[in-house]
Amino acid sequence: METPGLLVHGEAAPFSTALRSLLNNPQYSDVCFVVGQERQEVFAHRCLLACRCNFFQRLLGPKLGSGMPSPVVLSTVPAEAFLAVLEFLYTNSVRLHRHSVLEVLTAAIEYGLEELRELCLEFVVKVLDVELVCEALQVAVTFGLGQLQERCLAFIEAHSQEALRTRGFLELSAPALLSLLRSDKLRVDEAELVLAARSWARVGAAVLERPVAEVAAPVVRELRLALLAPAELSALEEQNQREPLIPVEQIVEAWKCHALRRGDVARGAPCRRRRGTLPREHHCFLDLPFK
């Protein structure tokens, strides 16, 4: 009986370099993608993509026929991110950049590339900073990436004031913002959170062409108005008349907490202090101190 042969390996680096030379190379390519809003042409090799990724196997199946088919339009993925995906498929390695890694991560998830997804997640955690964290939180919430969401929340809790001033904060979805407003560990006072929520709602109202109060409705219940001093609450009430943001009954509940000097009566408006809550005279009457 013939003994099984021995599998031997050549050097991996020259093989990877040779495949890298085919990346976006029209020579020998048999498929062309039109990628991103800029409609950039990207050339590739159908057999390589199909054997490496089930998404492309389905996309580039026999229905396209032989020869060079019509360009495949992928308008939602930026060209830089798509080229990073191809680099990984061709060479099993990828050069990631802070400014585009979330787009690569999104593409990896949509294309079912688990290994690339994990590489992107590891990179995001390493480069996480104030400017990136809200965008990363949005991706985590959108795709249910629990561990990344926890890391982003912890980072924002430690750098709350800086994170609230970023463009990424203003572009958060309502579910992503809710995950922030429910935290006791934010290092920011409630008055600043109210201002940040109003700015967020204004941006959303402009984009969606909807009233500010309608945009804010899913999140404002998490604002802890009873933490504000009476003078602050009066000023908020006046501003709310000019530009509705918070339901009137929520403000009434906060006033009730002040009137009765009991935190437990404001069931719809939490009284629990956050890590960054500035002390106010009436806080000594709250039943739910920060834990």
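The values are calculated or read from the model by the stated rules, or taken from the named source; none is laboratory data. All of these numbers come straight from a predicted model, not from anything done at the bench. Neighbour counts are summed over all protein chains in view; Cβ atoms, including those assigned to glycine, are modelled from backbone coordinates with ideal geometry. With ligands, DNA and RNA removed, areas are computed over all heavy atoms of the protein, side chains included. Shrake-Rupley method; radii C 1.70, N 1.55, O 1.52, S 1.80 Å.
Some notes on this structure:
- Nearest-10 value in Å² for the accessible area of Cys47, using the 1.4 Å probe: 100
- The listed residues Asp189, Asp30, once ranked by accessible area (1.4 Å probe) with the largest placed first, stand as Asp30, Asp189.
- When +1 charges are put on Lys and Arg Cβ atoms and -1 charges on Asp and Glu Cβ atoms, the dipole computed for the range 172-227 relative to its Cα centre reaches about 60 debye.
- In range of the label at Glu131: residues from the range 160-180 whose backbone nitrogen is under 20 Å from the point 7 Å along Cα→Cβ: 160-172
- Order of exposure, largest accessible area first, which applies to Cys271, Cys284 with probe 1.4 Å: Cys284, Cys271
- Mean separation of Cα contacts under 8 Å (6+ apart) over length of the chain, as relative contact order %: 11
- Of Thr91, Thr166, Thr76, the one that fluctuates the most in a GNM where the chain has Cα springs shorter than 10 Å: Thr76
- Rounded FRET efficiency, nearest 0.05, which uses the C-beta distance separating Ser75 from Arg275 and R0 of 45 Å: 0.55
- If the segment from Phe55 to Cys32 were pulled out straight at 0.36 nm per residue, it would be longer than the present Cα-Cα gap by 6.7 nm.
- Rounded FRET efficiency, nearest 0.05, which uses the C-beta distance separating Ala229 from Arg187 and R0 of 25 Å: 0.80
- Each Lys and Arg adds +1 at its Cβ and each Asp and Glu adds -1 at its Cβ; summed about the Cα centre, the range 104-223 shows a dipole of about 340 debye.
- Measuring only protein heavy atoms, the 1.4 Å probe finds Phe55 accessible over about 50 Å².
- Accessible area per residue for the chain is 54 Å², calculated with a 1.4 Å probe on protein heavy atoms, without ligands, DNA or RNA.
- For the chain, radius of gyration divided by Kirkwood radius, i.e. Rg to Rh on alpha-carbons: 1.16
- GNM top mover of Thr142, Thr17, Thr106 - the chain, alpha-carbon springs below 10 Å: Thr17
- With all protein chains modelled, accessible area of Cys51 [1.4 Å, Å²]: 100
- Note on the range 84-236: the alpha carbon radius of gyration divided by the globular reference 2.2 N^0.38 Å gives 1.18.
- The range 118-249, relative contact order [Cα under 8 Å, separation at least 6], %: 20
- Value of D in µm² per second that Stokes-Einstein yields for the range 171-281, Kirkwood Rh from Cα pairs, at 10 °C (1.306 mPa s): 112
- Gain on full stretching of the segment that runs from Arg202 to Phe143 - 0.36 nm per residue minus C-alpha separation: 18.7 nm
- Principal axis extents of the Cα atoms in the range 42-142, from largest to smallest and rounded to whole angstrom, are 49, 24, 20.
- Estimated from helical segments only, the mean residue ellipticity of the chain at 222 nm is -15500 deg cm²/dmol, where each DSSP H run of four or more residues counts as -39500 (n - 2.57).
- Segment Arg210-Arg165, length gained on full extension (0.36 nm per residue, minus Cα span): 13.9 nm
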